[in-house]
């Protein structure tokens with residue numbers, strides 16, 4: 001799948017057409033990765049805080065892995081949940 005890399009100041013955005021991962025460097029080292037639905041920044045899928053001093057190449061590799069991450073849906077019909 002084609003990935004687009006956009007550099008916006010200190011932030012980097014990776015996109016695959018459906019989702020975006022925004023890489024935000026922290027003040028005292030580390031990064032915050034935020035995965036959102038493309039063109040809807042309030043629809044957050046996952047946030048990861050990385051507190052290791054990774055290189056730019058390593059953090060982009062982590063962001064690409066987060067971008068490709070798929071999630072299994074949960075079927076609540078298999079659970080015995082009682083509502084009051």
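Within the range 21-56, the set of residues being in contact (Cβ under 8 Å) with a residue 24 or more places away in the chain and assigned to a strand (DSSP E or B) comprises 21, 23, 31, 33, 35, 45. Can you confirm whether residue 71 is touching a residue at least 24 places away in the same chain (Cβ under 8 Å) and assigned to a loop (DSSP other than H, G, I, E, B)? When the stated conditions are applied, residue 71 passes them. Scanning the range 5-14 for residues that are part of a strand (DSSP E or B) and either in contact (Cβ under 8 Å) with a residue 60 or more places away in the chain or over 16 Å from residue 61 (Cβ atoms) (or both) gives 6, 7, 8, 11.
Rule-based calculations on the coordinates, nothing more; no lab input. All of these numbers come straight from a predicted model, not from anything done at the bench. Neighbour counts run over all protein chains shown; Cβ positions are idealised from the backbone, glycine included.
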